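Right, one structure below, let's go through it.
No lab work stands behind these numbers, since they all come straight from the coordinates. The structure presented is a predicted model; accordingly, all values stated were derived computationally and were not measured. We place every Cβ from the backbone using ideal geometry, glycine too, and count neighbours over all the protein chains shown.
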Amino acid sequence: MKYDFVVIGAGVSGLTSALLLAKSGYHVAIVEKSDQISPLLRGFTRKGVHFDTGFHYTGGLGPGEPLDIIFRYLGLSDHLTTFHFSEQGFDIFRSIKDGFEFQFPTGYELIREKLVAGFPDEAKAVDTYLQMVRTVCASMPYLNIDIDFNETSLLQGLDDRTLQETLDALTANKHLKALLSMHCVLYGVPPGEVSFSQHACIVGNYYQSAMGIRGGGLSLAKAFDVRLKDLGIDVYCGSMVSEILLSPEGAVSGVKLANGTELACSGCMSTIHPVTMLDLLPEETFRSAYSNRLRDLKETLSAYMIYAVSDRAIPFLAGSNLFVFPDVDDLSNMGVRPLEQNLLYLTAAYKGTESEPMGFIGISPASFEQTAAWKNSTTGRRPDDYRVFKDDVITRLKCHIDSYCPELRGTMTYTEASTPLSVRDYNNTPLGGLYGIKHMVGQRNPFPVTKVKGLFLAGQAIVSPGIMGAALSAFISCGNILGHDRLRKELRACS
Ligand SMILES: Cc1cc2nc3c(=O)[nH]c(=O)nc-3n(C[C@H](O)[C@H](O)[C@H](O)COP(=O)(O)OP(=O)(O)OC[C@H]3O[C@@H](n4cnc5c(N)ncnc54)[C@H](O)[C@@H]3O)c2cc1C
């Protein structure tokens, strides 16, 4: 049996690609190295509390917004119950050094109102910034399905102005600049590196609305399970693709799995880390300039993460996340500062579909180098000195949280933690980047179409990270096969 397409990797981008291709009548298989599809979304449960590992909230999922339209088009919405994060403060910004706190709202009008109230002398900067964000989002063909399609505007990374440069030109107010760049945590690239347009495409969705899904990422994974079945997509889990097979003419002819199974196909959509993809092909497939470019792509920040169960409900994290900044002066060296001087991001964990958090996840950006001494070890088989190191990280993170988040003091009854090494092994990114490869000024990420006939790329490396970015990458890549105008017309019918 020959498939029209085999999709490599069952994360959001692979799953979206598989559904799109199957909806158009193609015979599709999807291969996932983990035992179940979408391991990043599934998270884990301790003491009855579910901890998300790859999804806490998203922008653009409010009624009629881009991700809502995409989920309805994919047939996922009927299987999901969404909820709004707090309109008045979906993200709370807290600066320890000077006690500055700001509840970042959703909705452009409310954002303007609260920012201008907080920074009365900066109304012009606020207006210009918000207008710039809106303009970028409105010019993106899949964020705005009403505009004419334009291939170049899909590639936001081509903008050569960083967020930092843009903000510096607008204002000298360091608190305002910190507030407008705090969301760089959501894509793992400092303000001095990310292009303004990449930043705008991501935050613009959160500025519209910030939504969660009851049951977290696991509910989304289960919705994908249902739709894969509905559309007759063959799912191969528990064995990784070890080779992409090419015909004598150099076109895709199949994939080989590590367990020896071969799946013949005419096309292949790779949604894995681009460097991992290179390793699946004969070395001479691409010109060395292209391969070297991919191998040199810089990774997003990694992190230490702590997962805490609480003995009581934590109402202040219901519908809000907390961003703690030791000081607002410098967001550029996140992840290389000592843990105590580093940014901390806190988000809720729930029991099942309950609405009161009974735990939380703390994320502190870190670099892979901090754990490089144990890079040759794998999960479950780390040496004793790593265990000592990790215990120390847990103790310090707990102290950090106790010091700066009095609301959580004494609530932690049980904790787990992960380090950049765990992220590397769990997320399949060579250097433990939370969001894979950076989208940054001066770096050219790969395009969806490759020079190999039948080989397409999607995934967070192609367009942008996050559920939205991964889903968009699938549309942008599959649009090359199915036709962008057709896809966008069908999306419009769901709006
Ligand atoms: C801690 C954390 C929190 C996050 N929070 C949010 C959030 O709140 N909101 C949000 O929108 N986004 C969030 N994200 C980002 C979001 O989860 C990702 O950007 C998105 O899920 C990436 O999807 P993807 O399909 O591109 O990649 P992945 O989900 O990484 O999919 C690639 C898949 O390929 C599989 N694979 C790898 N190699 C092979 C192989 N050789 N053969 C077969 N399969 C293979 C992997 O196992 C993996 O399942 C978070 C990420 C992290 C790490």
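Structural remarks
- The simple spin-label model puts a point 7 Å past each Cα toward its Cβ; for residue 264 and residue 329 those points are separated by 6.7 nm.
- Within straight-line cross-link reach of residue 390, lysines at Cα separation under 25 Å, skipping those fewer than 8 residues along the same chain: 47, 375, 398
- Whole-angstrom gap from the range 192-214 to the range 270-339, using each part's C-alpha centre: 16 Å
- The ratio of the alpha-carbon radius of gyration of the range 136-254 to the globular-protein estimate 2.2 N^0.38 Å is 1.50.
- Spherically averaged projected area in nm², based on the convex hull that wraps the Cα atoms of the range 342-412: 6.2 nm²
- The chain - percent relative contact order, Cα under 8 Å, separation 6 or more: 24 percent
- Rounded to the nearest whole angstrom, the semi-axes of the ellipsoid equivalent to the range 7-54, taken from the Cα gyration tensor as √(5λ), stand at 27, 10, 7, largest first.
- Within straight-line cross-link reach of residue 174, lysines at Cα separation under 21 Å, skipping those fewer than 8 residues along the same chain: 97, 114, 124
- The alpha carbon centroids of the range 105-134 and the range 346-381 are separated by 33 Å.
- Relative protection proxy for 448-458, 369-379, from highest mean packing down: 448-458, 369-379 (other beta-carbon atoms within 10 angstrom).
- Counting 0.36 nm for each residue step from residue 449 to residue 132 and taking away their Cα separation leaves a gain of 111.2 nm.
- In degrees, nearest ten, helix 466-482 long axis to first principal axis of the chain (Cα): 30 degrees
- For the chain, the pair-distance distribution built from all alpha carbon pairs, in bins 10 Å wide starting at 0, is 4, 20, 31, 28, 14, 3, 0 percent.
- Summing Lys and Arg as +1 and Asp and Glu as -1 over all other residues whose Cβ lies under 13 Å from the Cβ of residue 109 gives a net charge of 0.
- For the chain, adding -39500 (n - 2.57) for each run of n ≥ 4 DSSP H residues and dividing by the number of residues yields -10000 deg cm²/dmol at 222 nm.
- Per-residue ³J(HN,Hα) for the range 176-192, Karplus 6.51 cos²θ - 1.76 cosθ + 1.60, θ = phi - 60°, Hz, x for Gly and Pro: 5, 4, 5, 5, 7, 10, 4, 6, 5, 4, 7, 10, x, 10, x, x, x
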